[in-house]
Amino acid sequence: MLTPHEVFKTSGHVDKFADWMCKDLKTGEIFRADHLVEEVLEARLKGDKAARGEATKEVEEDEDKKKRKKKVKEIKNIKLPDEEVAEYENVLAQIDGFSGPQLGELIKKYNIVNPGTGGPLEPPIEFNLMFDTAIGPSGQMKGYLRPETAQGQFLNFSKLLDFNNEKMPFASASIGKSFRNEISPRAGLLRVREFLMAEIEHFVDPEDKSHPRFDEVKDVKLSFLPKDVQVAGSNKLVETTIGEAVKSGMVDNETLGYFIARIYSFLIKIGVDSTRLRFRQHMANEMAHYAADCWDAELQTSHGWIECVGCADRSAYDLSVHSARTNEKLVVRQQLPEPVTVEKFEVEIQKKKFGPKFRKNAGTVEKWLLERTQCELEDLAKELKDTGKISFKIASIPDETIELDTEFINIEKVTKVEHVREFTPNVIEPSFGIGRIIYSVFEHSFWSRPEDKDRSVLSLPPLVAPTKVLLVPLSSHNDLQPIVKKLSAKLRKEQIPFKVDDSSASIGKRYARNDELGTPFGITIDFDSVKDESVTLRERDSTKQVRGSFEDIVAAVREITYNGVSWSNGTAKLTPFDSQSGDA
Ligand SMILES: Nc1ncnc2c1ncn2[C@@H]1O[C@H](COP(=O)(O)OP(=O)(O)OP(=O)(O)O)[C@@H](O)[C@H]1O
């Protein structure tokens, strides 16, 4: 988590990991420029709708919420000219793609001011999001709290490749805290300065980004928001299978497509509502310059569409920059099935002459030369041929310009037979924000029973519910205790997390409060249980009940929870139970 300056300087974070902020010099308030433009234009569009008499219930509720936040000035119901409405919609569709200066232009053009006070704002300036610190007692070594887990994985590339017996493709994964000095943290878990991140770095051959298991997911149907749709100012979703999306080139390659589909399956499995999930492609200027393609899994919540998982093809960027900085090769070597004849530039160094000329720097100069790419060697060979010498600078010998003539070096194109292919892998990176996912799952799973709005249910899938079963003895009568004990032991043995609620509240109340906590099953123990060890199993969402031996009931719970079996299949052999349990 605590990472030396050099790592993030090399990865580009020191120079580029920044958001744009605007300052109100009078009040000292600071706003994130893109969020400000987004919020103000959205508010004006809603005001316009209201002025046109098109206010929906949602608009009214939103306005009410915003008024409470004292953002009154922007919410006036003012009808906008039609062209302006279209312009606003266009800007909003592309809001993630603007640079700082472009945001500054928009702020000027649309006269966007401090929404609270109406005061003017300074043009946007860049604000680096990393928390910096000093490492060690001398305070000399600058460091940062990591803003993502990825870089640590890249630094360990050689070890990871070794663990995988040098075989490609392979992946590493890491889960842990990341830190970003967000300009304005807000919306609970959605934007915080310390958050849990889970990232997979999947290393793949740049010349073959097919995925051996793509066939398994190719028919998964998804909602896509591609970049050209956004650039055209729309947010109309394209519904198609991931197979088609890759085939048409909308999604760059199979491996990226495979992970997009797997992200989808994961989110659905843990309780995300598929109708409130879309994959939005990054627009060209939103994407890092090195990325080949990038899609965000966005979940719709009461705070709008929220990016919860990013899935990017980061190409060979990270490994290349770390390798260049450290002079360590971060490459894969693969035995070729058949030797190939290649033409390539090679450097011939007169080592004996290097020592006296460069002394302690001889090794560094030699290494630098040997690590040049073919393109660089081609340029150097030309320089040597044309001028009889080459001159260059090396970062670690900053005060010296190195000059070498043909007495010291020769660079020539040679024909060689190669048995090994050497390449820098590309990286496909799914990056999950755990807090945002959990928050969205809560919103997507929470509902009230139509017959009684006060009775809420958290429909967490059994697999992710922290407590799977609530054990409910009908009464606190001593006769029921042995069965409670026996059933508890059985559940413990089967590793099914459960809780006992033997409070004096009515059965209905006990069920209701656990429905709200997301506990998917209730097992009721009554006086018949004492006689024949039969118990009742209740399902949270439907409130359906079945009866059977406690062995069969526990087996059904296990099958439904851990093996993806449906309620009706899992309880097919049990007897439907119609009770007046106080549920209604
Ligand atoms: N401040 C934050 N609080 C909580 N989760 C975050 C935060 N920033 C990023 N994440 C999570 O980490 C994931 C990967 O980070 P990434 O760098 O792609 O986000 P980002 O594009 O910077 O997010 P945003 O544009 O919303 O700031 C995001 O999909 C999100 O789930």
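Rule-based calculations on the coordinates, nothing more; no lab input. Just so it is clear, the model here is predicted, and its values are computed rather than measured. Note that each Cβ is placed from the backbone with ideal geometry, even for glycine, and that neighbours are counted across all protein chains shown.
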* **Overall form of the range 509-584 per C-alpha gyration tensor (a/c, 1.5; a/b vs b/c)** => oblate
* To do: Quote the FRET efficiency, to the nearest 0.05, computed for Gln495 versus Glu533 with a Förster distance R0 of 22 Å and r equal to the Cβ-Cβ distance.
  => 0.55
* Working from Cα positions, state the angle (0 to 90°, nearest 10) between the long axis of helix 550-562 and the longest principal axis of the chain. => 30
* To do: Mind putting a number on the dipole of the chain about its Cα centre? Charges go on the C-beta only, +1 for Lys and Arg and -1 for Asp and Glu, and I need it in Debye to the nearest 20.
  => 1620
* Structure fact -> Contour minus Cα-Cα span, Arg449 to Met1, at 0.36 nm per residue, comes to 156.9 nm
* Asked: Which entries of Lys46/Lys109; Lys360/Lys382; Lys344/Lys382; Lys159/Lys416; Lys227/Lys247 show an alpha-carbon separation above 23 angstrom in the structure shown?
  -> Lys360/Lys382; Lys159/Lys416
* Label-point separation (nm) for Lys221 and Ser542, each offset 7 Å from Cα along Cα-to-Cβ? -> 2.3
* Structure fact -> For the chain, percent of DSSP beta bridges that are antiparallel (nearest 5) comes out at 90
* Structure fact -> Taking a crude spin-label model, label points 7 Å out from Cα along the C-beta direction, the Ala324 to Thr467 distance in nm is 5.6
* Asked: In terms of the Cα gyration tensor, with a ≥ b ≥ c the square roots of its eigenvalues, is the range 338-420 rounded because a/c is under 1.5, prolate because a/b exceeds b/c, or oblate?
  -> prolate
* Taking 0.36 nm per intervening residue step and subtracting the Cα-Cα distance, what contour gain separates Glu54 from Leu237 on full extension? -> 63.5 nm
* Structure fact -> Computed over the chain: longest principal axis from alpha-carbon atoms vs helix 100-109 long axis, angle to nearest 10 degrees, is 60
* Which whole-number percentage describes the relative contact order of the chain, with Cα contacts under 8 Å and a sequence gap of 6 or more? -> 11
* Structure fact -> For the chain, the longest principal axis of the Cα atoms and the Cα long axis of helix 33-51 enclose an angle in degrees, to the nearest 10, of 50
* Rounded, prolate or oblate: which one fits the range 143-229, using the alpha carbon gyration tensor with axes a ≥ b ≥ c (rounded when a/c is under 1.5, else prolate when a/b beats b/c, else oblate)? -> oblate
* **Computed [θ] at 222 nm, deg cm²/dmol, the chain (DSSP H ≥ 4; -39,500 (n - 2.57); rounded to nearest 500)** => -10000 deg cm²/dmol
* Structure fact -> Between Asp578 and Asp399, the two model label points (7 Å from Cα along the beta-carbon direction) sit apart by a distance in nm of 9.6
